[in-house]
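The values are calculated or read from the model by the stated rules, or taken from the named source; none is laboratory data. Since this is a predicted model, take the numbers as computed values, not measurements. Note that we place each Cβ from the backbone using ideal geometry, even for glycine, and neighbour counts take in every protein chain shown. For the accessible areas, the whole protein counts, side chains as well, though only heavy atoms, and no ligand, DNA or RNA atoms are used. Shrake-Rupley method; radii C 1.70, N 1.55, O 1.52, S 1.80 Å.
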Amino acid sequence: MNQANTPDAKKRQIDQKRGIGVRDLVTCATFTVIYFIVFFACGMTGLVPIMAFLFPLPLALVSGISQMLFYTKVRSFGMVTIMGALLGLISFLMGYGPIGLCFGIVCGLIADLILRAGGYKSLKCSVASHCVFSLWVIGTMLPMWILGQAYFEPYRASQGDAFVNESLAYLSGGMLVIVIVGIIVCALIGAAIGTKVLRKHFERAGIA
């Protein structure tokens, strides 16, 4: 049976024409909560200096399953942007600054555009969307490079001199490149794992 003619695929096409509805907003909220839980868990590894820089890598990897499932449920343009905006807002309220909010919106918007370019049926576009979306977390980290030592000084009282000094040792443009490349690689692996685990959901949604 042609996947494009399945009841789920036809319903998907109708929902795309209708735009974002209440069900879509609930879906966005649900998967945002799931993503945030993974984000928080990975962020806790930042108690180790090197992981303060590398925690986005396991985040991109582990979130692959939930995000790929989310993309099978995206029916209208704007759903991924909403998710990015919500995560950016949460990070802003947690004290990560406005850059994270901006990155959440921008990366979410670009990821949305990629999905739409694939007609919400392209597996390659879903994978690319996850890679781009995963980069939003860079916005929460940029203050470390922008402020430099001033960013870490307040942590001396709570984390100690060793933590701050070791963190400053990792603070370089090269580390930023490593983080960006690492996020993309881990996002690709996470998306591949997610696709394999959720293959039936992709088939049901008419994504190929």
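Of the residues GLY148, GLY119, the single one that is modelled with pLDDT under 95, under 16 Å from MET79 (Cβ atoms) and more than 20 Å from the chain's Cα centre (by Cα) is GLY119. On inspection, GLY119 passes the criterion of being free of Cβ contacts under 8 Å to residues at least 12 places away in the same chain and assigned to a loop (DSSP other than H, G, I, E, B).
Within the range 139-179, the residues that satisfy the criterion of being under 17 Å from ILE50 (Cβ atoms), among the aliphatic types (A, V, I, L, M) and exposed (fewer than 12 other Cβ atoms within 10 Å of the Cβ) are ALA162, ALA169, VAL177. A Cβ distance below 6 Å, combined with a sequence gap of six or more or placement on separate chains, defines the contacts here; from the range 132-157, residues that are farther than 16 Å from CYS102 by Cα reach residues that are of a type in the set (Gly, Ala, Ser) in the pairs PHE152/SER167. The listed residues are THR72, THR30, and the only one of them that is among the hydroxyl-bearing types (Ser, Thr, Tyr), open to solvent by 50 Å² or more (accessible area, probe 1.4 Å) and either touching a helix residue (DSSP H, G or I) at 6+ places or on another chain (Cβ under 7 Å) or over 23 Å from ILE178 (Cβ atoms) (or both) turns out to be THR30. Residues in the range 158-186 that are outside any helix (DSSP H, G or I) and touching a residue at least 12 places away in the same chain (Cβ under 8 Å): LEU171 only.
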